[in-house]
Amino acid sequence: MENTDSPTEARLTVDGASYRYVDLPGLFGDAQRKLPVVLRLLLENVVRNMEGEERQQAVDGILAWTAHATSVAEIAFQPNRVLMHDTTSTPALVDIAGMRDALAEAGADPASLNPVLPVDSSVDHSLAVEYFAQKDAAPANLKLELQRNAERYRFLRWASKALQGVRIHPPGTGIMHTINLEQLATVVTTQERDGEPWAVPDTLIGTDSHTPMINGIGVLGWGVGGLEAQTVMFGMPVMQRIPDVIGVRLTGALRAGVLATDLALTVTQRLRAIGVSGEFVEFFGPGVATLSAGDRSVVANMAPEYGASTGFFPVDQHTLDYLSATNRTEHAIRLVEAFTQKTGLWFDPHAEPRYTRTIEIDLSSIGMHIAGPRRPQDLLDYSQTAHALGKLDFHPAQAHPFMPKHPVAIAAITSCTNTSDPALLIAAGLLARKARALGLSVPSWIKTSLGPGSPAAAAYLERANLIDDLSAVGFDIVGYGCTTCIGNSGPLTEPIRDALAHKSVYPVAMLSGNRNFPGRIHPDLDLGFIMSPPLVIAFALAGDAEIDLSQQPLQTTPDGKPVYLRDLWPTREEVAALVAQAADPHDYPRAFALASENPAWHGLDAPDSARFPWNPASTALRRPPFASTEQGSQLGAYSAYPLLVLGDDVTTDHISPASAIPKDSYVADFLVSRGDDRDDLNVFASRRGNWEVMVRAAFYNRTLVNRLRPGMPVAHTLHVPSGEVLPIFEAARRYQQDGDAVVLVAGERYGTGSSRDWAAKGQRLLGIRAVLAVSFERIHRSNLIGMGILPLRFAPGTNPDTLDLQPGDKLEVDAAADTLSPRCKVAVRLVRADGSVQPIDATAAVETQLECRLLRSGGVIPLILEKSLATRAA
Ligand code: SF4
């Protein structure tokens with residue numbers, strides 16, 4: 001390996017291959033060493049991709065960051081690739097299909113519209129747990145998934161054929177973030193630039209908030225909304241302020257028995273406690289070196305739960321070991337090592353870069369944890385479920401004859417978070433083995449499932465002889481997808497459904513996921529605890545969520561001997577030995593290739609045309625009305641009725657549900673009227689290619705409270721002029737027909753949760769012109785702008801409570817397109833029904849000039865169409 005030393009002509013040679021690269025130490029000397037590694041990566045990106053004065057300003061801005069460890073300067077970040085999943089890529093690709101139609105109607109060549117960056121989309125979010133606790137559960141669920149979603153999947157197959165650079169990974173190949181870790185990420189990639197090979201950092205954006213899982217192996221990437229991803233796909237950079245960076249200094253080492261999940265939950269609680277909100281997080285200090293790449297990826301995955309955009313771990317020997325363990329080539333691994341060492345990106349456990357804020361966590365102080373029962377940041381010792389559940393006001397008139405008051409209804413080893421690290425699944429398998437040996441079994445009312453992120457898991461669990469042990473306690477593999485984590489948990493068991501109907505129990509989900517918001521896991525469950533995979537099995541064996549596993553036996557053996565958690569918990573040495581014994585790097589490419597062959601997928605009859613042939617009778621795919629050259633800006637001066645008045649922590653699950661479509665819902669009635677079977681409506685997420693369904697589904701969540709008139713039925717609101725309580729869609733349509741503008745009012749953290757562009761699209765189709773909130777979750781704010789909806793932030797001290805909006809009150813908004821600028825004041829007045837007027841201090845929650853431009857154009861799609869037509873005209 002050599003470096004030809006000139007900063008502008010720097011080269012490194014690996015195995016005889018020579019690559020140019022941006023030599024950060026050569027260009028910036030000590031100045032770059034003071035930066036967090038994430039900012040060094042942004043610096044490399046702007047040096048390589050920007051030009052002239054803009055580049056100089058961006059470089060100066062990043063280097064000047066160290067003076068105050070914060071900045072308002074904007075930079076343009078150009079990632080190398082885009083990662084999506086089926087429920088975000090379907091609407092994005094439907095939009096592109098609609099844009100191709102719009103271009104054709106405007107006389108342009110529809111085939112000319114293609115993403116300019118590689119796009120990988122995995123079909124992982126629709127797999128539901130219908131079959132469980134049986135050996136053939138995985139193929140049975142996969143078969144059903146393909147039957148249910150055949151029309152949508154045919155469309156995805158069309159997109160992969162018609163659109164250049166779009167790769168769709170079929171159902172059964174794994175969860176997107178695991179696929180990214182195991183198959184797609186290169187850490188350092190090579191590019192042809194000006195006729196020469198360059199080595200550059202692998203960077204991406206993903207349309208999923210857990211995209212930062214890839215930060216665990218030193219790849220910079222974060223989650224964006226589907227709409228922002230569309231701008232990036234079509235060649236526009238991510239414009240953003242140089243981020244504040246929170247440094248998490250890790251010291252010590254995890255104690256025996258403590259797992260990466262426990263660390264991730266602790267980090268979540270600690271960072272939420274200091275109010276992290278959209279900042280980048282980077283881990284540093286000597287404790288980092290004690291964590292494997294698998295451990296790091298678990299922690300990085302939960303970045304959205306701790307409020308961060310990233311949870312970054314720089315590259316070191318553990319990263320290289322992971323690349324080797326997953327069968328990356330020797331050359332690729334040597335390139336990662338050489339590049340990161342040359343460019344100052346290699347991890348130094350003694351380095352103390354400048355951070356905006358720093359917290360310290362002593363790894364040796366962490367115990368075994370769970371989080372819940374409703375938020376991932378509510379950290380508890382694993383023994384404290386009874387304490388948390390005891391605070392609930394639940395007093396059944398009569399005890400259930402055989403179930404405890406808080407039975408475990410679902411026990412799911414699920415989610416990319418905790419199923420991508422072999423150590424966690426092997427630990428679960430070892431616990432199952434010990435339980436099986438003692439003759440223990442799981443109560444029949446519990447729905448058990450094991451949904452790994454990767455089909456490679458089956459190979460190493462098989463080699464470790466753990467498949468039968470897991471099966472013996474009900475944890476058969478149900479498939480390789482998001483399953484329970486995204487709410488596709490399928491029906492609850494009969495005893496639980498019956499007990500719920502009689503209100504004799506208040507059941508709980510135990511899961512190894514990352515979110516437990518009410519209704520997330522299952523629409524009928526609003527309690528859930530997040531925990532490590534082995535703890536999921538332990539609670540399943542207990543059957544009672546109120547048990548103190550540190551003191552009470554979780555079950556007795558058939559001959560009456562009490563069994564405690566300590567009797568089953570595997571030692572660190574047992575786990576490490578079995579991980580080593582079961583590991584085979586070839587599992588990863590082999591299992592992925594085999595799953596990719598999925599004959600049912602490849603047998604789908606997908607059209608070959610440049611334009612997608614819409615079927616007017618389809619209830620899965622409809623040409624979206626906003627993919628049109630007619631969509632205008634929603635800025636301007638207007639007087640609006642509040643369509644909804646909401647409180648704090650309204651999630652994107654509240655705004656646009658993903659789970660099963662209830663048979664008795666307004667949406668079900670609509671679908672049945674269009675010919676669908678009421679008993680087979682699938683999940684909301686599967687309908688995101690059909691705007692007619694999704695607009696009717698907006699705000700369909702039984703836990704959502706509309707303060708405009710409390711006590712209304714689910715997804716209803718007051719149509720103020722008529723005084724009628726109507727389904728939200730009907731009320732919105734009435735306002736639109738009468739020419740009345742509407743806005744939405746909310747409290748803190750509006751749009752928290754999944755990055756779900758339908759949460760914004762639904763609001764646009766309801767006619768909402770602006771959302772006034774105390775604060776916004778980062779991705780949802782960006783999605784609102786992507787749909788041309790103005791997010792407005794109340795000044796401190798103002799919130800829905802202080803406004804006390806009453807039916808008949810209106811909000812006057814004056815947001816002129818030509819005066820809009822980042823974080824500008826916007827004139828808002830509250831005009832009471834009695835005619836009195838109250839000015840409201842509000843600021844545009846708009847961060848960049850590109851966002852202003854999007855709002856002036858009416859959103860992402862009009863802007864892409866404008867650019868495409870301008871290119872054609874030129
Ligand atoms: S967090 Fe859950 S829903 Fe999201 S990608 Fe991972 S498994 Fe899927």
What is the number of the single condition among (1) in contact with an Asp or Glu (Cβ under 6 Å, 6 or more places away or on another chain); (2) within 16 Å of the ligand (Cβ to nearest atom) that residue 70 does not meet? (2)
Of the residues in the range 201-219 that are farther than 21 Å from residue 235 by Cβ, touching a residue at least 60 places away in the same chain (Cβ under 8 Å) and not in a helix (DSSP H, G or I), the one that is farthest from the ligand (Cβ to nearest atom) is 218
From (1) closer than 30 Å to residue 283 by Cβ; (2) modelled with pLDDT under 95; (3) of a type in the set (D, E, K, R), pick out the condition that doesn't hold for residue 151. (1)
Within the range 228-261, work out how many residues are out of contact with any strand residue (DSSP E or B) (no Cβ under 7 Å at 6 or more places or on another chain), hydrophobic (A, V, I, L, M, F, W, C) and either outside any loop (DSSP other than H, G, I, E, B) or within 18 Å of residue 286 (Cβ to Cβ) (or both). 4
Return yes or no: is residue 192 part of a helix (DSSP H, G or I), of a type in the set (Asp, Glu) and either over 15 Å from residue 296 (Cβ atoms) or without any contact (Cβ under 8 Å) to a residue 12 or more places away in the chain (or both)? no
Does the range 452-462 contain at least one residue that is surrounded by fewer than 19 Cβ atoms within 10 Å (Cβ to Cβ), more than 25 Å from residue 264 (Cβ to Cβ) and without any contact (Cβ under 8 Å) to a residue 12 or more places away in the chain? yes
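Yes/no matrix, rows are residues, columns are (1) among the hydroxyl-bearing types (Ser, Thr, Tyr); (2) at positive phi; (3) within 16 Å of the ligand (Cβ to nearest atom):
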residue: 444; (1), (2), (3): yes, no, no
residue: 448; (1), (2), (3): yes, no, no
residue: 451; (1), (2), (3): no, no, yes
residue: 454; (1), (2), (3): yes, no, yes
residue: 457; (1), (2), (3): no, no, yes
residue: 471; (1), (2), (3): yes, no, no
I'd like the residue in the range 576-635 that is in contact with a Pro (Cβ under 7 Å, 6 or more places away or on another chain), polar (S, T, N, Q) and under 30 Å from residue 327 (Cα atoms) and, out of all such residues, is surrounded by the most Cβ atoms within 10 Å (Cβ to Cβ). 598
Complete set of residues in the range 778-803 that are part of a helix (DSSP H, G or I), within 22 Å of the chain's Cα centre (by Cα) and aliphatic (A, V, I, L, M): 779, 784, 785
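Here's the yes/no breakdown for (1) over 23 Å from residue 228 (Cβ atoms); (2) modelled with pLDDT under 95; (3) basic (Lys, Arg):
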site	(1), (2), (3)
693	yes, no, no
698	no, no, no
741	yes, no, no
756	no, yes, yes
791	no, no, no
794	yes, no, no
Residue under question is residue 697, and the condition is that it be of a type outside the set (Lys, Arg), surrounded by 23 or more Cβ atoms within 10 Å (Cβ to Cβ), within 16 Å of the ligand (Cβ to nearest atom) and within 21 Å of the chain's Cα centre (by Cα); does it hold? no
Checking residue 807 against (1) in a strand (DSSP E or B); (2) surrounded by fewer than 21 Cβ atoms within 10 Å (Cβ to Cβ); (3) in contact (Cβ under 8 Å) with a residue 40 or more places away in the chain, only one condition comes out false. Which one? (1)
Residue under question is residue 487, and the condition is that it be within 16 Å of the ligand (Cβ to nearest atom), under 25 Å from residue 326 (Cα atoms) and surrounded by 24 or more Cβ atoms within 10 Å (Cβ to Cβ); does it hold? no
Evaluate the range 272-279: report whether one residue or more is at negative phi, part of a helix (DSSP H, G or I) and under 20 Å from the mean Cα position of the chain (by Cα). yes
Inspect the range 490-498 for any residue being part of a strand (DSSP E or B) and either among the acidic types (Asp, Glu) or within 16 Å of the ligand (Cβ to nearest atom) (or both) and give the result as yes or no. no
Filter pass, residue 509 being assigned to a helix (DSSP H, G or I), within 30 Å of the chain's Cα centre (by Cα) and within 16 Å of the ligand (Cβ to nearest atom): no
So, first residue under 15 Å from residue 183 (Cβ atoms) and of a type in the set (Gly, Ala, Ser) in the range 118-135, second residue assigned to a loop (DSSP other than H, G, I, E, B) and within 16 Å of the ligand (Cβ to nearest atom), Cβ within less than 8 Å, six or more apart or across chains; the pairs are 122/173; 122/174; 122/175
What about residue 352, is it within 16 Å of the ligand (Cβ to nearest atom), in contact (Cβ under 8 Å) with a residue 40 or more places away in the chain and part of a loop (DSSP other than H, G, I, E, B)? no
Would you please list the contacts, defined by Cβ atoms under 7 Å and residues six or more apart or on different chains, that run from a residue in the range 508-523 that is in contact (Cβ under 8 Å) with a residue 24 or more places away in the chain and surrounded by fewer than 24 Cβ atoms within 10 Å (Cβ to Cβ) to a residue that is hydroxyl-bearing (Ser, Thr, Tyr) and not in a loop (DSSP other than H, G, I, E, B)? 517/651
From the list 860, 846, 837, which residue is at negative phi, buried (at least 17 other Cβ atoms within 10 Å of the Cβ) and in contact with an Asp or Glu (Cβ under 9 Å, 6 or more places away or on another chain)? 860
Please work out if residue 167 is away from the ligand (no atom under 16 Å from the Cβ), touching a residue at least 40 places away in the same chain (Cβ under 8 Å) and not in a helix (DSSP H, G or I). yes
Give the residues of the range 409-463 that are more than 28 Å from residue 519 (Cα to Cα) and of a type in the set (Asp, Glu), sorted by residue number. 462
Filter the range 378-425 down to the residues that are within 16 Å of the ligand (Cβ to nearest atom) and assigned to a loop (DSSP other than H, G, I, E, B) and list them by number. 414, 415, 420, 421
Entirely in the range 579-672, the helices (runs of 4 or more DSSP H) that have 2 or more residues that are among the small types (Gly, Ala, Ser) and either farther than 21 Å from residue 156 by Cβ or within 27 Å of the chain's Cα centre (by Cα) (or both): 587-596
The residue that is farthest from residue 142 (Cα to Cα), considering only those in the range 104-125 that are acidic (Asp, Glu) and within 16 Å of the ligand (Cβ to nearest atom), is 120
State which residue pairs qualify: first residue farther than 22 Å from residue 275 by Cα and inside the range 742-754, second residue in a loop (DSSP other than H, G, I, E, B) in any location, beta carbons under 6 Å apart, and separation of 6 or more residues or different chains. 742/767
Would you be able to say whether some residue in the range 810-832 is on the phi > 0 side of the Ramachandran plot, touching a residue at least 24 places away in the same chain (Cβ under 8 Å) and surrounded by fewer than 15 Cβ atoms within 10 Å (Cβ to Cβ)? yes
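The values are calculated or read from the model by the stated rules, or taken from the named source; none is laboratory data. Keep in mind it's a predicted model, so treat the numbers as computed, not measured. Quick reminder, even Gly has a Cβ in these numbers, built from the backbone with ideal geometry, and neighbours come from all protein chains shown.
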